[in-house]
Amino acid sequence: MDQPVGSPQNQKLEKNRHSSACRDPSDERIVDEFLADQGIDESKSMKISNIIKRMGFKEEPGRLANGSHSIEFGIVQDADRLDAIGAIEIARCFTFGGSRNRVLHNPTVLPRSDLSKEQYMNKDEQITANHFHEKLLKLKNLMKTNAGQRRAELRHKFMEDFLEEFYKGWDGKA
């Protein structure tokens, strides 16, 4: 039986969606155990696991928004991507880069483009400010639902405005 959006079951699933364990598609066991503990039937469990495996940015070949997905997949992926753009993501991006001792910005190193999955996953080459161009600013055009597209517009614009001010400040022109 489907649970209402605010149900304790869905609240627990949403809470776990934000934990690193459930966001890591390679650790299927944790997701499978969680779904079994919630009494989710095997058919739904397989559908949910399939969505989780395929929803990551690195999993979308060519990074094209296309119609070959279920509505459930589009909703979950859009929600995940909306969670990755906007004001909080700006803070998260710089916090993460700092925790990994990444270069904040280097104007002589251009953002990498047309990355393969392997190149994208090569975290040694990442510069924090370039991550906006390599991934975050691309997400708006990858939204699968109309609602996701509308919400992404505002968050995308906020990131563009922030980067404009960031680069002015970097260049001493702010």
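No lab work stands behind these numbers, since they all come straight from the coordinates. As the structure is a computational prediction, the values presented were derived from the model and not from experiment. Cβ placement follows ideal geometry from the backbone for every residue including glycine, while neighbour counts extend to all protein chains displayed.
FRET efficiency for the Tyr120 to Lys173 pair, using the beta carbon distance and R₀ = 41 Å, is estimated at 0.85. The stretch between Leu163 and Ser68 holds 30.9 nm of extra length on full extension. This uses 0.36 nm per residue minus the Cα-Cα distance. Note: relative contact order over the range 43-163, using C-alpha pairs below 8 Å and six or more positions apart, is 36 percent. Take the Cα of Gln149, step 7 Å toward its Cβ, do the same at Asp41, and the gap between the two points is 3.4 nm. Checking the Cα-Cα distances for Lys47/Lys135; Lys47/Lys138; Lys53/Lys135 against a 28 Å cut-off, no pair goes over it. Mean separation of Cα pairs under 8 Å and 6 or more residues apart, divided by the residue count, gives the range 64-130 a relative contact order of 33 percent.
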